[in-house]
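The values are calculated or read from the model by the stated rules, or taken from the named source; none is laboratory data. Note that this is a predicted model, so its numbers are computed, not measured. So basically every Cβ, Gly included, is an ideal-geometry build from the backbone, and we count neighbours across all protein chains shown.
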């Protein structure tokens, strides 16, 4: 995976995307504007046997991740799939909630699903973000697997302050392929609880990760 070189001029152009922090009485941020994008990848991911596959789009993933993204000020939510029928499915779902009866029935859902963009590959996502701020985003992938050098949530929050765009990449099925992960700029620390069980749905993991990035650093 290739990335464009950052330039000082491009970085300045993206400063309007930088983090605005105004905490409320609960220690949370009441107003947030982030230079953070989210991508949900359906290829290349692996199945439980470790085979590289293309996973199917899940309706609940679209709704729940879009709602979390809207709640926390994510700039755009990209759904990445190379399959024509799956792209058509996403377009149909999004259209229903942003233009059809769903938009009138539930305006709040419309606001969330308006964040969704559809692309065939992650490289096209990178190029789309580059068009908006003249610099390619740094990619931060997620994985529950061991064996990678990890970026902590605290360090990721620190990076978000530099005004440059970042792309948080989530994998479906049993996670992103190893070769895909190897091409990323960073691998984020995994979401782990106190129990031995470690198989969250991607929409649950997305909500936890986004909240951890938004949380007050003193908590």
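Can you say whether residue 120 is farther than 30 Å from residue 158 by Cβ and without any contact (Cβ under 8 Å) to a residue 60 or more places away in the chain, as far as the supplied structure shows?
Details: farther than 30 Å from residue 158 by Cβ: yes; without any contact (Cβ under 8 Å) to a residue 60 or more places away in the chain: yes.
Considered against the rule, which asks whether it is farther than 30 Å from residue 158 by Cβ and without any contact (Cβ under 8 Å) to a residue 60 or more places away in the chain, residue 120 comes out as yes.
Residues in region 74-90 that are touching a strand residue (DSSP E or B) at 6+ places or on another chain (Cβ under 7 Å) and assigned to a helix (DSSP H, G or I) were compared, and the one that is nearest to residue 206 (Cα to Cα) is 90.
If you scan region 159-187, which residues turn out to be part of a loop (DSSP other than H, G, I, E, B) and modelled with pLDDT of 95 or more? Walk me through how you get there before you give the answer.
Initial filter on region 159-187 (part of a loop (DSSP other than H, G, I, E, B)): 161-165, 172-175, 177, 183-185.
Selection gives 165, 172, 173, 174, 175, 177, 183, 184, 185.
When region 116-139 is filtered for residues that are surrounded by fewer than 21 Cβ atoms within 10 Å (Cβ to Cβ), in contact with a helix residue (DSSP H, G or I) (Cβ under 6 Å, 6 or more places away or on another chain) and within 19 Å of residue 172 (Cβ to Cβ), the ones remaining, listed by number, are 118, 119. Put simply, of 69, 112 the only residue that is within 17 Å of residue 204 (Cα to Cα), part of a helix (DSSP H, G or I), touching a strand residue (DSSP E or B) at 6+ places or on another chain (Cβ under 7 Å) and at pLDDT 95 or above is 69. On the stretch given as region 26-60, residues that are within 18 Å of residue 208 (Cβ to Cβ), touching a strand residue (DSSP E or B) at 6+ places or on another chain (Cβ under 6 Å) and either surrounded by fewer than 21 Cβ atoms within 10 Å (Cβ to Cβ) or modelled with pLDDT under 95 (or both) total 1. Just so you know, in region 194-219 the residues that are within 17 Å of residue 150 (Cα to Cα) and at pLDDT below 95 include one that is surrounded by the fewest Cβ atoms within 10 Å (Cβ to Cβ), and it is 212.
Condition check ((1) touching a residue at least 60 places away in the same chain (Cβ under 8 Å); (2) in a loop (DSSP other than H, G, I, E, B); (3) closer than 26 Å to residue 47 by Cβ) across all residues:
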| position | (1), (2), (3) |
| --- | --- |
| 190 | no, yes, yes |
| 198 | no, yes, yes |
| 208 | no, no, yes |
| 213 | yes, no, no |
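So is residue 158 out of contact with any helix residue (DSSP H, G or I) (no Cβ under 8 Å at 6 or more places or on another chain) and farther than 24 Å from residue 53 by Cα or not? So residue 158 fits the description; yes. Quick one: in region 76-87, of everything that is surrounded by fewer than 21 Cβ atoms within 10 Å (Cβ to Cβ) and in contact (Cβ under 8 Å) with a residue 24 or more places away in the chain, which residue is nearest to the chain's Cα centre (by Cα)? That would be 76.
Return the total of residues in region 140-155 being surrounded by fewer than 16 Cβ atoms within 10 Å (Cβ to Cβ) and either farther than 16 Å from residue 50 by Cα or at pLDDT 90 or above (or both). Explain how you work it out, then say what you get.
Here is the first cut: in region 140-155, the ones surrounded by fewer than 16 Cβ atoms within 10 Å (Cβ to Cβ) are 144-147, 149-150, 152, 154-155.
After this cut, where a residue has to be either farther than 16 Å from residue 50 by Cα or at pLDDT 90 or above (or both) as well, the list is 149-150, 152, 154-155.
Qualifying residue count, region 140-155: 5.
Can you find a residue that is farther than 19 Å from residue 70 by Cα, in contact (Cβ under 8 Å) with a residue 60 or more places away in the chain, in a helix (DSSP H, G or I) and in contact with a strand residue (DSSP E or B) (Cβ under 9 Å, 6 or more places away or on another chain) anywhere in region 134-152? No: zero hits.
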